[in-house]
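Q: What follows is a single structure, and I will ask about it in a moment.
The values are calculated or read from the model by the stated rules, or taken from the named source; none is laboratory data. Here the structure is a predicted model, which is why all the values come from computation and not from measurement. A quick note on method: Cβ atoms are made from the backbone with ideal geometry, for glycine too, and the neighbour counts reach across all protein chains shown.
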Amino acid sequence: MPTQDNMNLQDGEKVVLGQGGKETATYEDLKASDESHQMHGFGHPLMQKGPRQLVVFESGDGAVLKDVMGKEYLDAMGGITVAHLGHGRKDLAQVAFEQMSKLEVSSNQRNLTNNNAVKLCERLSGLAAQAFPEMDGSRVYLTAGGGEGIEAAYHLALRYFNKSGPLGTSYGEGYKKQKLISFRNCYHGSTFIPASMKPEFSDYGWKRWMEGHGREVYESPSHRMFSNIDPPHELFMDVSKMKPGENVGQAAARQLEERILQEGPETVAAFVFEPVQGDGGAVDMHRDFFPLAKEICKRHSVLMIADEIMSFAKTGHWFGMELYGVCPDIMVISKGLTCGYLPAGAVIYQNYIWQTAFNNLSSKMMLSDVWQHDYTWSGHPVCSAVALRALDIIDSENLIELCAKRGREFLDILKSELEGLHVVQQVRGTGVMLGVDLISDIATDIEQKVLLEYGIVLRASTNKHCLLLTPPYVMTDEQFKKVAESLRKVLRSFATLAESAISKSRQH
């Protein structure tokens with residue numbers, strides 16, 4: 001178990017890296033190199049500069065990570081919410097090695113592909129149809145990750161509406177449908193389209209691009225490409241917007257339709273959402289919302305794009321939308337597809353979109369008929385082989401059922417340790433997506449303190465007041481209890497500091 005006593009090496013001692021026992025670097029060497037060369041995601045230079053701030057992992061086994069100095073950590077995040085099966089599975093590494101030895105890469109463009117990509121698309125289409133009858137005959141586009149999957153889904157939506165007109169024309173009547181609506185508190189990725197959907201990302205994306213035109217222009221429906229509604233959850237809904245007799249699900253659905261009408265139905269291409277908001281703090285949605293949203297989107301010819309990047313195989317179902325019994329038009333998955341062993345993702349969409357977007361073509365191939373979209377790593381044979389094996393493991397070991405069971409057990413442990421603490425507003429969970437909502441914006445401080453002092457890896461959300469935990473299926477009750485106990489100690493210390501500060505302010 002990770003403790004502060006597990007630090008086996010002293011400052012300046014050599015760290016043995018790689019094979020053959022060759023001394024290549026000390027921790028201080030690695031730290032200095034990291035400060036000089038690497039940019040960290042969602043980081044700040046000060047996080048790398050402290051005496052023991054930087055954590056350099058070297059190996060992992062199950063739910064345990066080990067750094068280059070021998071200190072052990074409990075990985076309550078599962079990598080970046082991907083390590084469903086835990087670390088160090090040799091069977092997945094062997095699949096990658098064997099495929100890499102046979103065929104390491106091939107093109108997936110035009111009329112080229114590889115056997116693993118074909119098998120993976122068939123497998124995912126079958127899983128989607130198993131979950132939703134409407135997905136029977138669904139098509140699949142393979143990606144290397146979630147953010148680029150969202151980009152591809154948006155391009156697919158544009159393609160669908162562009163081709164909705166008369167046979168053989170370049171643009172149909174729906175060519176004006178380009179806008180996207182999403183939830184506040186969302187996270188869909190960091191590339192341009194996904195980042196533009198998150199209102200808190202003000203330094204890049206569409207908001208940054210339009211800043212020079214002035215707020216009035218940026219916020220006007222005629223210029224605005226991205227807009228948001230409140231998520232249907234009691235802590236994230238602006239209650240002042242609710243009408244008498246409405247629950248949060250009904251209020252959010254009404255907001256969605258009002259926003260579509262405000263923007264102009266002829267301009268809105270899709271509503272993009274997470275079934276359970278991940279980065280936002282494992283925020284599940286009111287059960288009334290999605291059935292109503294489905295009716296609204298159908299009424300106004302707006303596609304529903306479910307961001308299942310984090311929720312895939314993590315909620316006690318293959319797809320998070322199974323929680324609500326509503327089939328989206330398009331689903332984007334990633335993370336759990338290979339369980340972290342290689343990057344992979346997919347866009348799965350209903351057959352009617354294919355029929356309009358790609359079959360409603362002229363008999364002569366035109367440039368406008370070509371799918372002007374692709375990624376270098378789409379359908380990568382090694383990633384596809386690992387994904388197929390990961391899906392086999394999840395299926396054969398009944399891990400979807402285990403996920404639901406472990407999630408309930410983990411949530412009970414977390415609630416027993418944290419509920420009632422002064423700084424905790426809510427503890428919630430769906431499957432192994434677990435969230436702790438705090439009363440103030442101290443989540444990043446909590447994340448760092450529990451990491452550096454107790455060896456617990458978890459994630460502060462970008463909203464700064466939620467903590468996210470997505471432990472591997474293989475984490476034991478004993479290990480998770482250690483996570484919860486450590487988190488309780490840190491949260492209690494912050495509560496004591498807050499009360500002390502309040503007391504001092506009153507004295508003055």
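Q: Across the range 432-479, which residue is nearest to the chain's Cα centre (by Cα) among those that are crowded, with 22+ Cβ neighbours inside 10 Å, of a type in the set (A, V, I, L, M, F, W, C) and more than 22 Å from Gly43 (Cβ to Cβ)?
A: Going through the qualifying residues, I end up with Met433.
Q: Then there is this: Kindly evaluate Val450 against the criterion of being of a type in the set (Val, Ile, Thr) and in contact with a helix residue (DSSP H, G or I) (Cβ under 6 Å, 6 or more places away or on another chain).
A: yes
Q: Looking only at the range 65-108, which residues are small (Gly, Ala, Ser) and crowded, with 22+ Cβ neighbours inside 10 Å?
A: Ala76, Gly78, Ala83
Q: For Phe97, indicate whether it is of a type in the set (Phe, Trp, Tyr) and over 25 Å from Ile309 (Cα atoms).
A: yes
Q: Given (1) more than 27 Å from His380 (Cβ to Cβ); (2) in a strand (DSSP E or B); (3) not aromatic (Phe, Trp, Tyr), identify the lone condition not met by Asp61.
A: So the condition that Asp61 fails would be (1).
Q: Return only the number of the condition from (1) touching a Ser or Thr at 6+ places or on another chain (Cβ under 9 Å); (2) modelled with pLDDT under 95 that Ser240 does not satisfy.
A: With respect to (1) touching a Ser or Thr at 6+ places or on another chain (Cβ under 9 Å); (2) modelled with pLDDT under 95, Ser240 is out only on (1).
Q: Is it the case that Tyr141 is surrounded by 13 or more Cβ atoms within 10 Å (Cβ to Cβ), in a helix (DSSP H, G or I) and assigned by TED's automatic domain parsing to the domain that holds Phe273?
A: For Tyr141, the condition - surrounded by 13 or more Cβ atoms within 10 Å (Cβ to Cβ), in a helix (DSSP H, G or I) and assigned by TED's automatic domain parsing to the domain that holds Phe273 - is not met.
Q: I'd like the full set of residues that are at pLDDT 90 or above and touching a Gly at 6+ places or on another chain (Cβ under 9 Å), limited to the range 212-232.
A: Those that are at pLDDT 90 or above and touching a Gly at 6+ places or on another chain (Cβ under 9 Å): Phe226, Pro231, Pro232.
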